[in-house]
Amino acid sequence: MARKKKEYGLSQWTLMRRRFFKHKFAIIALVVLGIFYVAALFSQFISPYNPARRFSGNVYSPPTLIRFSDGNGFSFRPFIYERKMELDPDTWQRIYVDDTDKRHYISFFVRGDKYKFLGLFETDLHLFGTTGKQPVFLFGTDSLGRDLFSRVLYGSTISLTIGLVGVFLSLIIGVILGSISGLLGGIVDNAIQRLIEILMSIPQIPLWMALSAALPPYWPMLRVYFGITIILSVLGWTGVARVVRGKFLSLREEEFVLASRTFGAGQWWIITRHLIPSFLSYLIVQVTLSIPGMILGETALSFLGLGLRSPAISWGVLLQESQNLRSIALHPWLMIPGIFVIIVVLGFNFLGDGLRDAADPYTKS
């Protein structure tokens, strides 16, 4: 009873905010996702090397171990050992051996490969790097000797933004068609609902494959990116449309809507000023829970070779090298991009759970 008295008179957004900040996993997820998006925004600065740069002497090099101490004592500056590549005489596999007599210290704000910072001006300043000739590979290298850490950071730019762009387009399509369906009813409602049922009954992976295969192979990376985004959006609006339709059906006969019609308010005014704001919190939750599906869709298509293609860089493209068991057994670090996909998807799911609980602040915790 005392809790209800404290909440009496507070706005819905204030109640949602208070309820959300009580959800610990949602707060942690929000922080983690914020770090991921900041890292994607400044990926060129954080990456020690250009993602296309090849280190011919470090093909399939395992992740570099950063040290602060060894047999020679403790060092306040992190360092790595110089690494040499040898061939196993029996298996002819590459073996990398650390030379413990040669240290290479890691420094911050070093000069390296040139890039355009945020697309504004050219610079060669990077967050960290080594003082010597030995490069540092935090996540190892791929089959061409390219730094996987730099490529994961660059790939996050596409893999993380494609979810936001795709969900934004799905939200627009879903709100428009769901509003029309719920407000007009009749033949229009039946037609839209039958279309939704047809789209939801088609297996998604084969449909994605068919639509992605229709994209011309000669298209540049940017056009393929938007093509994949539109494909995912066309398939992802059905859930939003059904939520919007259900809310419209339940709200269109409410007293505040009937009062607006009595005073001569038009349909567009009622939709934008009364109906949509009434269930905006539920739309936010729906959007948050839809982003992981968009990210997984792009990753799956690129992994199968039907989405983004090299030289484009996304987490799905990076996972293409781990398609066979031999690569996973000999070079397990090639699976690292998949770990980032899992973390981001879990983060959005936890964030969506927190928003879903906060969307109805009057329920008991």
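Structure values in brief
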read-out	value
Of all residues in region 35-72 being without any contact (Cβ under 8 Å) to a residue 40 or more places away in the chain and either of a type in the set (S, T, N, Q) or open to solvent by less than 30 Å² (accessible area, probe 1.4 Å) (or both), the one that is nearest to ILE106 (Cα to Cα)	SER69
Only one of MET209, MET200 that is open to solvent by 60 Å² or more (accessible area, probe 1.4 Å) and in contact (Cβ under 8 Å) with a residue 40 or more places away in the chain	MET209
Top-ranked residue of region 130-150 - restricted to ones that are of a type in the set (A, V, I, L, M) and open to solvent by less than 30 Å² (accessible area, probe 1.4 Å), ranked as farthest from SER322 (Cα to Cα)	VAL136
Residues being open to solvent by less than 80 Å² (accessible area, probe 1.4 Å), modelled with pLDDT of 75 or more and part of a helix (DSSP H, G or I) - total across region 15-29	5
Candidates TYR105, TYR115, filtered to the one that is touching a His at 6+ places or on another chain (Cβ under 9 Å) and part of a strand (DSSP E or B)	TYR115
Residues (of a type in the set (Ser, Thr, Tyr) and not in a loop (DSSP other than H, G, I, E, B)) located in region 305-331	SER322, SER327
ILE95 being surrounded by 16 or more Cβ atoms within 10 Å (Cβ to Cβ) and either assigned to a loop (DSSP other than H, G, I, E, B) or touching a strand residue (DSSP E or B) at 6+ places or on another chain (Cβ under 7 Å) (or both)	no
Condition met for LEU232 (closer than 25 Å to GLY338 by Cα, open to solvent by 70 Å² or more (accessible area, probe 1.4 Å) and either of a type in the set (Phe, Trp, Tyr) or in a helix (DSSP H, G or I) (or both))	no
Selected residue [within 27 Å of LEU330 (Cα to Cα), more than 26 Å from the chain's Cα centre (by Cα) and open to solvent by 20 Å² or more (accessible area, probe 1.4 Å)] from GLU122, GLU86	GLU86
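The values are calculated or read from the model by the stated rules, or taken from the named source; none is laboratory data. All values derive from a computational prediction rather than experimental measurement. Using ideal geometry, Cβ is built from the backbone for each residue, glycine included, and neighbour counts are taken over all protein chains shown. We work out accessible area using only protein heavy atoms, side chains counted, and drop any ligands, DNA or RNA first. Shrake-Rupley method; radii C 1.70, N 1.55, O 1.52, S 1.80 Å.
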